[in-house]
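Q: Here it is, the structure in full.
Any read-out appearing in this document is the output of simple, stated calculations on the displayed coordinates, not a laboratory observation. This is a predicted model, so every value here is computed, not measured. Positions of Cβ are backbone-derived with ideal geometry, glycine not excepted, and every protein chain shown enters the neighbour counts.
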Amino acid sequence: MPTRVHEFAWPDRVVVGTIGLPGARTFYLQVRAGTQIVSIALEKQQSALLAEKIDEILDQLITIENNPFSVPTSTPIELVDNDQLEAVQEQFRTGAMSLGWDPTTAQVVVEAYPITDVDADDHDESPDEDGPNATEMLLVRMPVGTARAFAKRTREVVGAGRPICSLCGYPIDADGHICTLPEAGGQPRTL
């Protein structure tokens, strides 16, 4: 079955954003080039790890002697993007992701694949190539400045969720928080 590749070699915009209220947000990686927009859903932890690993790659590149890539140490002001997501039509929910560096174009490369159905192996019939099981992937190449801006925004989006309870370390919901404190004899307490 051929894989449908949503490829963005020099995207106009690549961001992580959310839809929904803290505690019930859905995270999206959205990429746009011209009029082509692809949005894929991902987990909060995937978003945070992606930003962390992109920064690690960029920070390692800075340490290379005679570095020809001109990697910024912070987000270039002209690349800051605080706008909302554009119209979201979820292409797929992300399962596996890979991250790399292409020295020939000086770009960070992100590949995202949909969650696979592990039960598909249990069926003896061959899948319909035009059906819902058709494979696809997202391939995004980001220049170093864009990658730095992407990582910064992603960390901010991830951090904009529910505040953490200083007593128990769990997120506080908008409609209250029940915290069991050993000092209170294990009795639930609404804060």
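Q: Of the GluC sites (Glu not before Pro) in the stretch 1-65, which ones lie in a loop per DSSP and count no more than 16 other C-beta atoms within 10 Å? Display every interim value, and only then the final one.
A: On the way: sites: GLU7, GLU43, GLU52, GLU56, GLU65; in loops: GLU43, GLU65.
Those satisfying the criteria are GLU43, GLU65.
Q: What's the extension gain from GLN45 to ASP12 if we count 0.36 nm per residue and subtract their Cα-Cα distance? Kindly include the intermediate steps, with their values, before the conclusion.
A: On the way: separation 33, 0.36 × 33 = 11.88 nm, distance 2.51 nm.
Value of the extension gain: 9.4 nm.
Q: Determine ³J(HN,Hα), in whole Hz, for all residues of the stretch 63-74 in sequence, where each value follows from phi through the Karplus function 6.51 cos²θ - 1.76 cosθ + 1.60 and θ = phi - 60°; x replaces Gly and Pro.
A: Running phi through 6.51 cos²θ - 1.76 cosθ + 1.60 with θ = phi - 60° gives 7, 5, 5, 6, 4, x, 9, 6, 7, x, 7, 9 Hz.
Q: At a Förster distance of 22 Å, what's the computed FRET efficiency of THR26 paired with VAL80, Cβ-Cβ distance as r, to 0.05?
A: On the way: r = 23 Å, r/R0 = 1.07.
About 0.40, to the nearest 0.05.
Q: Which order do THR18, THR73 fall in if you start with the one that has the fewest other Cβ atoms within 10 Å?
A: Numbers: THR18 19, THR73 8.
Lowest count first: THR73, THR18.
Q: With label points built 7 Å along Cα→Cβ from the Cα atoms of ILE64 and THR35, find their separation and express it in nm.
A: Distance between label points: 3.8 nm.
Q: Any idea how far apart LEU139 and ILE178 come out in nm if each label point goes 7 Å out from Cα toward Cβ?
A: Taking the two extended label points, one gets 5.1 nm.
Q: What residues qualify as long-range amide H neighbours of PHE92, i.e. H under 5 Å apart, gap of 5 or more or another chain, H built at 1.01 Å from N?
A: ALA41
Q: On to the next question. So for THR135, THR35, fewest C-beta neighbours within 10 Å to most, what's the order?
A: Values: THR135 15, THR35 6.
The fewest-first ordering by Cβ neighbours comes to THR35, THR135.
Q: Of the listed peptides 87-99, 159-171, what is their order by residue-averaged count of other C-beta atoms within 10 Å, with the highest listed first? Each step should come with its number before you reach the end.
A: Values: 87-99: 14.5, 159-171: 12.0.
Put in order of decreasing packing, that is 87-99, 159-171.
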